[in-house]
Amino acid sequence: MSDDSRTGTPAGASTVGTLLISRVVVTWAELLVVGFVGAVLGGAASGPSQLIVYFATILASVAVVMYNVDRLVTVRIRGAT
């Protein structure tokens with residue numbers, strides 16, 4: 001990475017913070033959508049299918065978090081090399 005002549009800091013340093021904030025906002029929005037869809041589907045179902053929808057919503061939430069963490073780690077590793 002090259003240094004910024006005005007501040008003496010690496011040129012890519014500000015994009016990492018911006019990427020983190022944007023990824024947090026995207027993750028929050030995705031979790032919100034997954035939660036609302038799970039609540040709607042769970043409210044429409046009853047009995048054992050409601051439990052299956054509950055478990056699917058939890059699984060989807062974990063998948064959203066894991067995907068976004070993976071994206072952040074991949075960018076961080078790519079930027080370090």
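Report the label-to-label distance for Phe36 and Leu72 in nanometres (one decimal), using points 7 Å from each Cα along the Cα→Cβ vector.
Those two pseudo-labels are separated by 2.3 nm.
On the full set of protein chains, 1.4 Å probe, figure out the accessible area of Ile52 and give it in Å² to the nearest 10.
Solvent-accessible area, nearest 10 Å²: 110 Å².
The values are calculated or read from the model by the stated rules, or taken from the named source; none is laboratory data. Since the structure is predicted, the reported quantities are computational estimates derived from the model, not experimental observations. Note that each Cβ is placed from the backbone with ideal geometry, even for glycine, and that neighbours are counted across all protein chains shown. These accessible areas exclude ligands, DNA and RNA; they are computed on the full protein's heavy atoms, side chains included. Shrake-Rupley method; radii C 1.70, N 1.55, O 1.52, S 1.80 Å.
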